[in-house]
Amino acid sequence: MGEYLLEIQDLKTYFKVRAGKVRAVDGVSFAIKPGEKLGVVGESGCGKSVTALSIMRLLPQPPGEIAGGSVLFEGQDLLDLPESAMRKIRGGKIGMIFQDPMTCLNPTMTVGNQIGEALRIHLKLSKNEAQKRAISLLEQVGIPAASERINSYPHQFSGGMRQRVVIAIALACNPKLLIADEPTTALDVTVQAQILDLINGVCSEFGTAVILITHDLGVVAGMTDRIVVMYAGKVVETATTDELFVNPRHPYTLGLLSSVPRVDEVRHSQLRTIEGAPPDLTNPPPGCPFMPRCAFARAICRTMPPLEVLPGQADHLKACWVDVTDPKEQAYAEKRRQTRIEKMLAATNGHAASSQAVAEEK
Amino acid sequence: MDISEQLNATNVTGEEVEPFLELTPALVQKRRSQARIIFDRFLRNRAAIGGAVFLILLFIFCWFGPLFWRIDPNVIDVTNVAAQQAPPSLTHPLGTDDVGRDTLARALAGGRVSLSVGLLSMLLAIIFGVGIGSFAGYYGGAVDNILMRFTDVILAVPLYLLLFVLSASFTDGTPKSVVILIAIFGWTYAARLVRGEFLSLKEREYILASRTIGAKNFRLMFRHMLPNAAGPIIVNATLLIGVNIILESVMSYFGFGIKPPDASWGYMISVGQGLFAVDPWLVLVPGFLIFATVLSFNLVGDGLRDALDPHMTER
């Protein structure tokens with residue numbers, strides 16, 4: 001399969017804790033082509049970041065442990081590489097951006113030195129050459145007066161500026177793949193768009209493939225070519241971005257999409273949510289992990305559905321027994337959802353009273 | 001300055017305009033560097049400044065004083081009875097001891113020995129302690145266990161007893177041997193401190209981030225983590241000088257340290273002790289010097305602790 005830059009097959013990452021094994025990533029497979037932009041979406045704790053760290057082989061071990069699967073990058077399995085070869089890949093071929101730019105820059109080093117570091121490690125540049133390249137990188141990520149700012153320390157930058165620096169560090173050696181782990185979560189909403197534009201622009205320019213990890217569907221919508229939806233350590237649906245937004249086929253994706261608040265919604269109408277919380281991944285029960293929260297659930301869901309291609313659409317895969325487009329199923333699910341919400345409201349009396357007040361106001 | 005020139009240039013149309021305000025130094029808002037902020041904070045601590053001034057003066061006197069005070073500290077004047085145990089006078093400002101050696105000259109010579117022994121043994125101990133502590137903290141697990149149990153063993157041994165025993169057999173009374181002996185026992189606190197710092201630093205996200213660009217263990221340890229632990233290490237080092245000076249004095253006092261006739265403060269006290277009733281100067285001068293020097297190092301150490309602590313509120 002020379003077609004793909006990175007191909008993850010059946011990756012399993014477990015954490016050994018006192019209570020047993022936490023199956024943080026449990027049989028994840030996806031692939032990314034050179035220059036492609038892939039979004040990985042899911043709730044907190046569904047294994048997105050652990051997948052990223054498993055690719056980089058930077059899990060804290062112990063307690064983390066890659067229990068199986070393979071991560072093929074340019075044809076070689078990263079999980080088999082010795083540490084020294086892996087170090088060449090990190091920063092050289094795969095760059096990574098973290099969530100919080102406030103904590104992922106070293107406070108005692110100038111940003112110039114931090115950007116230059118990757119260059120000096122991988123390209124063996126001299127200090128001067130590294131500084132020169134660092135200046136041009138800073139300019140590329142849109143930091144004004146780069147030649148002066150190069151000697152500043154991280155605390156002299158704002159959050160958005162720091163994230164630009166982090167991007168410059170990750171892209172310093174012109175990697176083939178950039179893993180961005182929630183790159184905008186810690187930022188101001190106005191800055192978020194700028195940073196996404198920047199990642200998008202710079203990566204298109206360099207031809208870098210991007211894995212964008214986020215829990216925000218709005219973030220992936222405008223920027224990615226394809227989306228992988230994860231739930232409880234498993235891939236539940238994957239499709240091209242346009243297809244996924246128009247034609248979601250997994251109840252979880254459906255739930256995610258309908259829980260995005262819209263500007264054109266009726267005021268005071270209740271926000272749709274996915275009831276319940278993600279399951280505990282320590283010794284999970286067999287079957288579909290989403291079953292306890294799923295309005296479409298039925299007896300067959302006690303066995304895990306395989307991730308299968310939709311008939312007629314090679315790019316669209318889902319792991320669900322139910323056809324969510326069937327109107328009969330939809331009506332049934334809607335009824336179950338209503339009764340569930342009523343039960344919940346009845347259980348919390350105070351809450352019920354307040355929602356009544358809202359209803360009267362309407 | 002560029003801006004002011006540009007703005008002035010746009011006004012060359014001949015109309016009378018208010019001249020653009022020059023960017024005088026008072027108007028240029030300059031960002032203080034991190035070192036400057038720390039230095040300013042240190043300057044506000046009066047006690048620490050007092051200690052620092054005393055130490056600077058002491059260093060100048062000890063090293064440059066002998067250029068002007070040309071009496072040999074080891075010259076014995078047995079022929080002249082009047083010159084023995086003399087009270088302070090013009091020829092001997094701090095008097096002389098029982099064999100007629102000039103106390104001022106000896107105090108300066110002893111200061112050189114005590115200060116350099118204190119500083120050098122601190123340096124050795126810190127280098128050793130930082131090495132051990134960073135390996136233990138960074139690698140954790142078995143490495144940590146072995147190194148820290150080794151540290152505990154050293155800490156558990158009664159220090160003075162072992163110093164005396166070892167100095168009797170291993171040192172030859174030169175400052176160098178005393179430095180090494182003190183350093184062998186001085187590194188333990190530094191090692192524990194650095195280990196603790198490294199344990200917390202290695203979990204920081206920027207360490208993970210520099211792993212993602214392919215940094216090796218040594219780079220992570222000494223370029224990324226060590227500078228972040230510099231504050232506590234500097235404070236510990238400063239306090240350690242004081243401790244080492246005391247150790248050196250105690251050893252010399254009991255005759256295990258610097259070998260006579262070379263002067264050292266501890267040895268001067270032990271000589272003057274028997275004559276205290278006759279000539280208290282022989283004890284008071286070196287005693288005061290030890291006291292003031294150690295106190296000053298402690299005050300400076302405390303001042304640095306406050307100045308280097310980033311959580312200190314800006315006063």
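The values are calculated or read from the model by the stated rules, or taken from the named source; none is laboratory data. Note that this is a predicted model, so its numbers are computed, not measured. Cβ placement follows ideal geometry from the backbone for every residue including glycine, while neighbour counts extend to all protein chains displayed.
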- Query: How about region B:271-298: which of its residues are over 24 Å from B:Leu57 (Cβ atoms) and among the β-branched types (Val, Ile, Thr)?
  - Reply: B:Val271, B:Val278
- Scan region A:264-282 and report the pairs whose first residue is within 20 Å of A:Lys21 (Cβ to Cβ) and whose second residue is outside any loop (DSSP other than H, G, I, E, B) and hydrophobic (A, V, I, L, M, F, W, C), with Cβ atoms within less than 8 Å and a gap of 6+ or a chain change. A:Leu281/A:Val22; A:Leu281/A:Ala24; A:Thr282/A:Val17; A:Thr282/A:Val22
- Message: Among the listed residues B:Gly173, B:Gly196, identify the single one that is more than 14 Å from chain A (Cβ to nearest Cβ), of a type outside the set (Ser, Thr, Tyr), out of contact with any His (no Cβ under 8 Å at 6 or more places or on another chain) and part of a loop (DSSP other than H, G, I, E, B).
- Response: B:Gly173
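Within region A:62-84, is there a residue that is aliphatic (A, V, I, L, M), within 14 Å of chain B (Cβ to nearest Cβ) and closer than 20 Å to A:Ile179 by Cβ?
Taking every residue of region A:62-84 in turn, at least one turns out to be aliphatic (A, V, I, L, M), within 14 Å of chain B (Cβ to nearest Cβ) and closer than 20 Å to A:Ile179 by Cβ.
So that you can scan it fast, the table gives a plain yes or no per residue for (1) over 21 Å from A:Thr240 (Cα atoms); (2) surrounded by fewer than 16 Cβ atoms within 10 Å (Cβ to Cβ); (3) acidic (Asp, Glu):
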site	(1), (2), (3)
A:Glu275	yes, yes, yes
A:Pro279	yes, no, no
A:Phe290	yes, no, no
A:Arg293	yes, no, no
A:Arg302	yes, yes, no
A:Pro311	no, yes, no
A:Cys320	no, no, no
A:Val324	no, no, no
A:Glu329	yes, no, yes
- So which helices (runs of 4 or more DSSP H) are wholly in region A:62-159 and hold at least 2 residues that are under 27 Å from the mean Cα position of the chain (by Cα) and surrounded by fewer than 19 Cβ atoms within 10 Å (Cβ to Cβ)? A:83-89
- Residue in region B:244-266 that is away from every other protein chain (no Cβ under 14 Å), touching a Lys or Arg at 6+ places or on another chain (Cβ under 6 Å) and in contact (Cβ under 8 Å) with a residue 60 or more places away in the chain present: yes
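Can we say B:Val130 is of a type in the set (A, V, I, L, M) and not in a helix (DSSP H, G or I)? Walk me through how you get there before you give the answer.
Details: of a type in the set (A, V, I, L, M): yes; not in a helix (DSSP H, G or I): no.
For B:Val130, the condition - of a type in the set (A, V, I, L, M) and not in a helix (DSSP H, G or I) - is not met.
Pick out the one residue from B:Ala109, B:Ala105, B:Ala125, B:Ala83 that is surrounded by 20 or more Cβ atoms within 10 Å (Cβ to Cβ) and modelled with pLDDT under 85. Quick ask: steps written out before the conclusion?
Details: B:Ala109 fails: modelled with pLDDT under 85; B:Ala125 fails: modelled with pLDDT under 85; B:Ala83 fails: surrounded by 20 or more Cβ atoms within 10 Å (Cβ to Cβ).
None of the other options fit; the residue is B:Ala105.
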- Query: Can you pull out the residues in region A:293-352 that are among the β-branched types (Val, Ile, Thr) and not in a loop (DSSP other than H, G, I, E, B)?
  - Reply: A:Ile300, A:Val309, A:Thr339, A:Ile341
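Go through region A:160-183 and give me each residue that's assigned to a loop (DSSP other than H, G, I, E, B), more than 12 Å from chain B (Cβ to nearest Cβ) and surrounded by fewer than 24 Cβ atoms within 10 Å (Cβ to Cβ). Spell out the reasoning first.
Applying the first criterion (assigned to a loop (DSSP other than H, G, I, E, B)) to region A:160-183 yields A:172-176, A:182-183.
Applying the additional criterion that residues be more than 12 Å from chain B (Cβ to nearest Cβ) yields A:174, A:176, A:182-183.
If the condition is that a residue be assigned to a loop (DSSP other than H, G, I, E, B), more than 12 Å from chain B (Cβ to nearest Cβ) and surrounded by fewer than 24 Cβ atoms within 10 Å (Cβ to Cβ), then A:Asn174, A:Lys176, A:Glu182 are the ones that fit.
Go over the candidates B:Ile234, B:Ile241 one by one and state the one that is under 14 Å from the mean Cα position of the chain (by Cα), at pLDDT 85 or above, surrounded by fewer than 18 Cβ atoms within 10 Å (Cβ to Cβ) and part of a helix (DSSP H, G or I). Break it down stepwise before answering.
Details: B:Ile241 fails: surrounded by fewer than 18 Cβ atoms within 10 Å (Cβ to Cβ).
Exactly one residue qualifies, and that residue is B:Ile234.
Please state which one of A:Lys33, A:Lys48 is at pLDDT 85 or above, surrounded by fewer than 19 Cβ atoms within 10 Å (Cβ to Cβ) and more than 10 Å from chain B (Cβ to nearest Cβ).
Values: A:Lys48 fails: surrounded by fewer than 19 Cβ atoms within 10 Å (Cβ to Cβ).
Of the residues listed, the single one that is at pLDDT 85 or above, surrounded by fewer than 19 Cβ atoms within 10 Å (Cβ to Cβ) and more than 10 Å from chain B (Cβ to nearest Cβ) is A:Lys33.
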